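We did not get these values from a lab; they are worked out from the coordinates using the rules stated. Bear in mind that the values here come from a model prediction, so they are computed numbers and not experimental data. Cβ coordinates were reconstructed from backbone atoms using ideal geometry, including for glycine residues, and neighbour counts include every protein chain displayed.
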Amino acid sequence: MKDDIDKIRKETEEIKVECKEKQCFAKLVEVNNQLKQEMLKRKETERTIHSRNCILELFGKVSSRREYLDNLVKYLKEWSECRCVGIRILNEEGKIPYESYVGFSHDFWESESLLSIREDRCACIRVITGSPQPEDAIAMTEGGSFRLDNSIEFSSCLTEKQKSSFRYKCVDSGFLSIAIVPIRYRNRIVASIHFADENEGMAPLEFVEFVESLTPIIGDGLHKFNIEEKIQRSNELLMRIFDSTHFGVAYLDTDFNFIRVNQAYAQLDRQQTTDNFIGKNHFELYPDEENEAIFKKVVETGKPYSAYAKPFVYPKNPERGTTYWDLSLQPVKDNSGEVEGVVLCLVDVTERKRAEEELTKTQKELSETKRLSDIGMLAATIAHELRNPLGVIRIAAYNIKRKAQNPLLDSHLANIEKKIAECDQIINNLLFYSRIRSPAYEYVQIYDVINECIDSQRKRFGKIKVSIAKKTDFLKRTFIEADPLQMRELFDNILSNAFEAIAEKKGKIEVKSRIDAKEGNIEIAVSDNGAGIEKSDLKRIFEPFFTTKSRGTGLGLSVCYHIVNLHSGKIDVESAKEIGTTFTVTLPLKRK
Amino acid sequence: MLDDDQEMCKEMSEILKDEGYCVTTIFDGLEGKKLIEKNSYDLLLLDVKIPGVNGLQILKEVKEKKPKTKVIILTARLNADSFLKGENVFLEDREETLLQLADFFITKPFDVEALLDKIKELIR
């Protein structure tokens, strides 16, 4: 009995142990299951974190929206079981083109990219507009995605009316598995991800939910690249405007180092490119103390500066001459109002300035012409008014001589005659001056004209001993197109001046000539070794009525100047006191 | 001789009379015009600018009505030389044409001998 009891006890114990073991095992299984679950969850979380990280890393890795989308599609393809993945972006025109995709055929991509949310009807449009219809309900997830394990099965459940809400492009292309996941940015759907595969059940709910969990950061990324692209486009536009303006623009820091210049600015200084300026100092390139003071004042006071037709000489290229610029200097201030740079705007107005000068010159010439015509009228009046009494004086003197028949009066009467002749000459000069007008062109043998002038002046200044050296023989066969009378007047005046300059002493006059065939000009220089002209007078000798002589109207050289000008030539003078003077006349061989 | 300058007329007529010419001097334009119409002169010494009448107009009429009368124009307005060269800016075209009708013209102050020679030549 005892043995039995012991046996039973033992068995009971064994049973107890067995039970405990079984309980333990069940617990173990349960724990094990929990662990498995947790591991799966953790894996899921890790996967999500990894995927998020991949997407986030893209922000730093890629530089354009296109690149971002391409990489995104690549990752999504890796993470899904589907053969085809694409991303549609809702654009401003209401179209939803695939901006990046893998797996889809080109034809599929082309026809699908034309879809419009305004005109077309299909699940993909309703996902991206966030407006699912009852017929979609069975396929919709909580996150707003549309998901099918078997598209044919799905469509077979639809009524005919419902069927019209779909385009069947995916079904026709043979895709059984379809998933469309919306991408949101701040609660607004901006794009969608499409998964498609010919096999059944390739886009399970868990996967779609996983993708849904990623879409907020995808949306952020899209937004970031959209903004970047917009900024870049507007930057490019600004740069295009900056570079295509015709005036030079430069942005300088407060020490006047170039930060940026536009094309026009670079071209202002020949052979420079925009890059050549960057980092260089404005006043090292173009030293100008006056301008530097102006620039500094703008930085110090924060007040803009502008100037019109400011003259400037390139210190390194003085041969460019004086150029004129409209200049504006605008301070650029930071948020606190401190000047952080200056914008320099330059417009080359040299041409305009020259035109203005030309205009002023023409106006001056015009008023001079007007003055001349006034003088002409005056001269005509004076001529008449004076010539009449002079005429009477002359006849009266003739009568005195005739009647008195007294040799004692002869010298006095001769003096009267002489002075009458001088008065007449002054009147003639005035008249000639007032009569200068457009040349009557003829072919003139200039050699003969010069010789005639020399002869007549020699006669006039007979008493003065002058040797004349002529180096004009080669001109004998040269004809120029000119007004013969004016040529005569021109050289008469120049030679007469030469004779007068050497008045008292023994002198030498040299006439030289040269033909510049290239320019089509003839140059005739008349030099004397006479008194010379004071430097201060040189500028004025061509002005009418300017004279340093005790006699004369001061019109001779003015007449010369006008004659030469009318022939489109020029007259230059070089002179040194007590050494002599050279007048050089340059005339075109052919009428211009 | 028709000239509004009385001294001119006086001085000149003395010379001409001494040279043996029969001279009438008139210094009033209208009176001169009448006399010229009435009488036949061998030669007229005519000033261009006479108050009341135009010397050139008289020249035209004389040449039309009495073509035998020679006319010498005495002028202070232009240089005879430059006129001959085709230069003149103070005459209008019409005046220029009229001036061509004259037998001779001479600019004041003129050389008396030269004028006398010309007169002799014209009414030989």
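Points worth noting:
- Over 18 Å between alpha carbons, listed pairs B:Lys34/B:Lys108; A:Lys549/A:Lys577; A:Lys296/A:Lys353: B:Lys34/B:Lys108; A:Lys296/A:Lys353
- Overall form of the stretch A:506-562 per C-alpha gyration tensor (a/c, 1.5; a/b vs b/c): oblate
- Extension gain (nm, one decimal) between A:Val102 and A:Tyr443, 0.36 nm per residue minus Cα-Cα: 113.9 nm
- Dipole of the stretch A:305-458, positive end: most advanced residue of A:Asn399, A:Ile427, A:Gly321 [Cβ charges, Cα centre]: A:Asn399
- Dividing the Cα radius of gyration of the stretch A:376-423 by 2.2 N^0.38 Å, with N the residue count, gives 1.37.
- A full extension of the chain between A:Leu56 and A:Asn235 corresponds to an added length of 61.9 nm, given 0.36 nm per residue minus the alpha carbon distance.
- Ordering of A:150-159, B:25-34 by packing [mean C-beta count within 10 Å, highest first]: B:25-34, A:150-159
- Cα shape, the protein assembly as shown, gyration tensor, a/c 1.5 rule: prolate
- Net charge over other residues, Cβ less than 9 angstrom from the Cβ of A:Ile563 (K, R count +1; D, E count -1): -2
- Ordering of A:394-401, A:415-422 by packing [mean C-beta count within 10 Å, highest first]: A:394-401, A:415-422
- Where Rh is the Kirkwood radius over Cα pairs, Rg/Rh for the stretch A:463-592: 0.96
- Charge dipole (debye, nearest 20) of the protein assembly as shown; +1 at Cβ of Lys and Arg, -1 at Cβ of Asp and Glu: 2680
- A simple count of charges around A:Leu72, restricted to other residues whose Cβ falls under 14 Å of its Cβ and scoring Lys, Arg +1 and Asp, Glu -1, yields +2.
- Each peptide in A:79-86, A:47-54, A:18-25 receives the mean, over its residues, of other Cβ atoms within 10 Å, and ordering these scores from highest gives A:79-86, A:47-54, A:18-25.
- Number of partner chain Cβ atoms within 10 Å, mean per residue of B:102-112: 5
- Average beta-carbon neighbours from other chains, 10 Å sphere, peptide B:5-17: 4
- Ordering A:Trp109, A:Val17, A:Asn33 by Cα displacement along the dipole of the stretch A:1-150 toward the positive end leaves A:Val17 in first place; charges were set at the Cβ atoms of Lys, Arg (+1) and Asp, Glu (-1).
- Distance from the Cα centroid of the stretch A:8-73 to that of the stretch A:355-397 is 117 Å (rounded to whole angstrom).
- For the protein assembly as shown, with +1 on Lys and Arg beta carbons and -1 on Asp and Glu, the positive-most of A:Ile375, A:Ile294, A:Phe312 along the dipole: A:Ile375
- The relative contact order of the stretch A:51-140 comes to 18 percent, based on Cα pairs under 8 Å that sit 6 or more residues apart.
- The alpha-carbon positions of the stretch A:130-239 define a convex hull whose volume is 129 Å³ per residue.
- Here the calculated FRET efficiency for A:Asp6 and A:Leu40, from their Cβ-Cβ distance with R0 = 41 Å, stands at 0.25, rounded to the nearest 0.05.
- Here the stretch A:50-198 is treated with +1 on each Lys and Arg Cβ and -1 on each Asp and Glu Cβ, and its dipole about the Cα centre works out to around 540 debye.
- Value of relative contact order over chain A, rounded to a whole percent, pairs C-alpha under 8 Å and six or more apart: 7
- Restricting the stretch A:445-491 to trypsin sites (Lys or Arg not before Pro) in coil, as DSSP defines it, with at most 11 other Cβ within 10 Å: A:Lys463, A:Lys465
- Number of partner chain Cβ atoms within 10 Å, mean per residue of A:398-410: 2
- A helix-only calculation puts chain A at -17000 deg cm²/dmol for mean residue ellipticity at 222 nm, using -39500 (n - 2.57) for each DSSP H run of at least four residues, averaged over all residues.
- Charging the Cβ of each Asp and Glu at -1 and of each Lys and Arg at +1, and nothing else, the dipole of the stretch A:36-90 about its Cα centre rounds to 100 debye.
- The stretch A:37-167 shape via C-alpha gyration tensor axes, a/c threshold 1.5: oblate
- Rotationally averaged projected area of the stretch A:421-529 (alpha carbon convex hull; nm²): 7.7
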